[in-house]
Amino acid sequence: MTTTEDRVSALRPQLEAWRRWLHQHPELSFQEFETAKYIVSELNKLPDLQVSQLTPTSVLAVLKGGKPGKTVLLRADIDALPIHEENTFEFASKTPGVMHACGHDGHTAILLGTAKLLSEDAANVPGEIRMIFQHAEENGPGGAEELVMETSLMDGVDVVTGLHLNSQLPAGQVAVKAGPFMASPDMIELTIQGRGGHGAHPEEAVDPIAIGAQVVTNLQHVVSRHVGAQDALVVSITYFQSGSTHNVIPDTARIMGTVRTFDPELRQKAPKLIERVIKGVCEAHGATYVLNYEFGYRPLINTDWVAEELRQIALDTVGAGHFSEAKATMGGEDFSAYLEKAPGAYFNVGSGSDEHDSRWPHHHPRFTIDELSLETGVKMMHAAALRLAQPQAN
Ligand SMILES: [Zn+2]
Ligand SMILES: [Zn+2]
């Protein structure tokens, strides 16, 4: 009797082959045509899967198990980033300026491996396992939103899970957390309209730089004086552009920044708090403004019971020595869109090691993974599918 452990070990060369092909052929968000074609052709080699495309650059594989059970959605994202790869290994990106620098090549290989294990043992699989190879995680409004809102993907789904590799965790480690996990990455874009003039006569101008500086400073008071210390809110001004030379007061200043929180209620209140500051400062100094406030992905809040199941699965699969409690991060993730429709939880699999020089941060031109993490990912996704699809799960 071969164990899952043995089956995953035997799968390792195939997992590497998938991941390395994908790594060599990265495609940007909403342009994953060759990636989707590759995934379809690999899935078509497996028995008992229904393979279809709900959008032009995503792929859905459905496995109807031989036993009664629930419908579980497993998700991998498949897109790459506009980064020029600096790695020199033989499977580095073949496309200048585009790179799998977030590990989505690994996520895709992991879900292909999971599909292979499940489909080869379909008679013993409970329920229905849907595996979505999702496009465009890296670029808003995101592929998840499109799949959730505009297709039948989520119809009848009882529970959803997915993972992200994490270069800051040791390869082979699994980290899970109940509740708030990732933040809502919202965006502000502000133009302050002053009145330009001679640098010698500020009294005749309305200086958008001086006013903009006040706005930036006062926005920090939204965080420190209008939001409780327990409710995490980040306001970071990341762009301030104005003026062209030393003796001219410019007409306008452009300011951009990011606003992030885990709290859906605070998220709804934040635009009002922020605009009140901008309006007050601008009016006080005689300027006008145009504010564009854009909501990004929702905060990712794991369902408690699903996170608890994943914790148990991790303890059973990798053991307590390779398990850690995940830390919430202010990063964003469109996996949150699925959680609007079904309970679920997202988790991390460590991919960092010195041996494989894979501790570079995500989105870095030297980013890579220790491929041991592919095995860990498959073990986790496979076990999660089987356990969450049990008829009595929750
Ligand atoms: Zn990313
Ligand atoms: Zn990512």
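The values are calculated or read from the model by the stated rules, or taken from the named source; none is laboratory data. Since this is a predicted model, take the numbers as computed values, not measurements. Positions of Cβ are generated from backbone atoms using ideal geometry, with glycine treated the same way; all protein chains shown enter the neighbour counts. Side chains are part of the model used for accessible areas, which takes the heavy atoms of the whole protein and leaves out ligands, DNA and RNA. Shrake-Rupley method; radii C 1.70, N 1.55, O 1.52, S 1.80 Å.
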Query raised in the report: Only one residue in A76, A61, A109 is touching a strand residue (DSSP E or B) at 6+ places or on another chain (Cβ under 9 Å), away from ligand 2 (no atom under 16 Å from the Cβ), of a type in the set (A, V, I, L, M) and touching a residue at least 60 places away in the same chain (Cβ under 8 Å). Which one?
Result: A61
Report summary line: I278: passes all of (1) in a helix (DSSP H, G or I); (2) open to solvent by less than 20 Å² (accessible area, probe 1.4 Å); (3) out of contact with any Lys or Arg (no Cβ under 7 Å at 6 or more places or on another chain); (4) assigned by TED's automatic domain parsing to the domain that holds M154 but (4)
Report summary line: Subset of the range 339-365, residues buried (at least 19 other Cβ atoms within 10 Å of the Cβ), away from ligand 2 (no atom under 15 Å from the Cβ) and closer than 17 Å to A183 by Cβ, comes to L339, A345
Query raised in the report: What about D186, is it away from ligand 1 (no atom under 16 Å from the Cβ), open to solvent by 10 Å² or more (accessible area, probe 1.4 Å) and outside any helix (DSSP H, G or I)?
Result: no
Requested in this report: Provide a single number: the residues in the range 239-271 that are in a helix (DSSP H, G or I) and under 17 Å from V290 (Cβ atoms).
Outcome: 1
Report summary line: Those strands (runs of 3 or more DSSP E) completely within the range 107-182 that have 2 or more residues that are touching a helix residue (DSSP H, G or I) at 6+ places or on another chain (Cβ under 6 Å) are 126-134, 159-170, 174-176
**Report entry** Residues of the range 332-346 classified as away from ligand 1 (no atom under 16 Å from the Cβ) and either under 22 Å from L315 (Cβ atoms) or outside any loop (DSSP other than H, G, I, E, B) (or both), total
**Finding:** 6
Query raised in the report: Is it the case that Q173 is within 32 Å of the chain's Cα centre (by Cα) and within 16 Å of ligand 1 (Cβ to nearest atom)?
Result: no
**Report entry** The one condition in (1) within 30 Å of H382 (Cβ to Cβ); (2) in a strand (DSSP E or B) that S236 fails to fulfil
**Finding:** (1)
